[in-house]
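Q: Pasting in a structure now, in structure tokens, and then I'll have a few things to ask.
Throughout, read-outs are computed from the coordinates displayed, never taken from laboratory work. All figures in this text were calculated on a predicted structure; none of them were measured in a lab. We place every Cβ from the backbone using ideal geometry, glycine too, and count neighbours over all the protein chains shown.
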Amino acid sequence: MDITMRIVHISDSHISVDHPQRTADLQACVEAINAAAEQPDVVMHTGDITHNGVAEEYNTAKLALDELKMPYFVMPGNKDKRPALIDAFADEKTICQGDEFIQYSVDHFPVRLIVLDTLSDNSNKGLLGEAKFKQIKTMLEADSSKPTAVFMHHTPFEVGAIPDPFQFEDWQEVAKLRALLSSHQQVNGIYCGHIHRSIDGRLGDLNVSAISCMATDLRKGELTAEQRTMPILRFHEL
């Protein structure tokens, strides 16, 4: 298989003014990525950048992420607050001041990257809605010539290992997302976080890769001592 692009997936740093260790956890991931023998083309952070959604936490997260040697892109998780995230990370190309949602595509790599905003204003679960779906459809239709990877925070498959296996407010939205993505043959995978466990699943015919959190104190599931403290990141070769 020809490798056209290397992507590092990280998630759920949960930077908090009350938990300085989480900043160290994020910094450890950044250092591990920068030290990799085969450098990635891009790093994708799939949300819950901060824990309280305040400016100080976003500034701390950005200082750490800016140490990466390669470009990186972010999106909101359920703990994030859109206005503060936009203030910290707006580049007026992907994330822009005044955006209603943080949804965008990155088009200048061999693999096209599409970022979805699954943040709900009402709960910790995922929410899309008609306006977001319309924007997603427009992004997908804009270019079908490249393989496309989709990044989002919430997990769009049933996760039996957690108390509530359904992490969207309306599971019919997941079925709608499945239908939309499956109608675009260039989409080759979905990458997410949120559940604080590394579990792979499926959305229709698409592979879904959920990664555990960078924050060492929030990791769930049965883990070895090393797994509880090591930097959590995953390389994907597309």
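Q: Looking at the chain as a GNM with Cα springs under 10 Å, which of Met70, Met214, Met152 has the largest mean-square fluctuation?
A: Met70
Q: The stretch 142-176 to the stretch 77-106: how many Å between their Cα centroids?
A: Each part's Cα centre sits 20 Å from the other's.
Q: Residue farthest toward the positive end of the dipole of the chain, with Cβ of Lys/Arg at +1 and Asp/Glu at -1: which of Leu63, Gly77, Asn52?
A: Most positive-ward Cα: Gly77.
Q: Less than 20 Å apart at the alpha-carbon level, and either on another chain or at least 8 residues along: which aspartates and glutamates does that give for Lys137?
A: Hits, sequence-local ones excluded: Asp99, Glu100, Asp107, Asp117, Asp170, Glu173, Asp205.
Q: Under 8 Å for C-alpha pairs, at least 6 residues apart: give me the relative contact order for the stretch 126-217, rounded to a whole percent. Walk me through the numbers on the way to the answer.
A: On the way: 132 pairs, mean separation 26.1, N = 92.
RCO, the stretch 126-217: 28 percent.
Q: About its Cα centre, what dipole magnitude does the stretch 6-237 give when the only charges are +1 on Lys and Arg Cβ and -1 on Asp and Glu Cβ, stated in debye to the nearest 20? Present the calculation step by step, with values, prior to reporting the outcome.
A: On the way: 22 positive and 34 negative charges, 87 e Å.
Approximately 420 debye in magnitude.
Q: Follow-up. Among the listed pairs Lys69/Lys146; Lys62/Lys134; Lys81/Lys176, give every one whose C-alpha distance is greater than 27 Å. Can you show the working numbers first?
A: Working: Lys69/Lys146 25 Å; Lys62/Lys134 30 Å; Lys81/Lys176 25 Å.
Beyond 27 Å between Cα atoms: Lys62/Lys134.
Q: Which one, Gln172, Gly193, Ala88, projects farthest toward the positive side of the charge dipole computed for the chain from Cβ point charges (K/R +1, D/E -1)?
A: Of the candidates, Gln172 comes out farthest on the positive side.
Q: Here is a further query. What relative contact order, as a whole-number percentage, does the chain give when Cα pairs under 8 Å and 6 or more residues apart are counted?
A: Result for the chain is 23 percent.
Q: For the chain, modelled as a Gaussian network with Cα springs under 10 Å, which listed residue fluctuates most, His196, His19, His154?
A: Largest GNM mean-square fluctuation: His19.
Q: Treat every Asp and Glu Cβ in the stretch 146-238 as -1 and every Lys and Arg Cβ as +1, leave all other atoms uncharged, and give the resulting dipole magnitude about the Cα centre to the nearest 20 debye. Don't jump to the answer; show the numbers that get you there.
A: On the way: 9 positive and 11 negative charges, 44 e Å.
The dipole magnitude comes to about 200 debye.
Q: Please list log₁₀ I(q)/I(0) at q = 0.10, 0.11, 0.13, 0.16 Å⁻¹ for the stretch 6-237, using the Debye equation with identical point scatterers on the alpha-carbon positions.
A: The computed values of log10 I(q)/I(0) come out as -0.41, -0.50, -0.72, -1.15.
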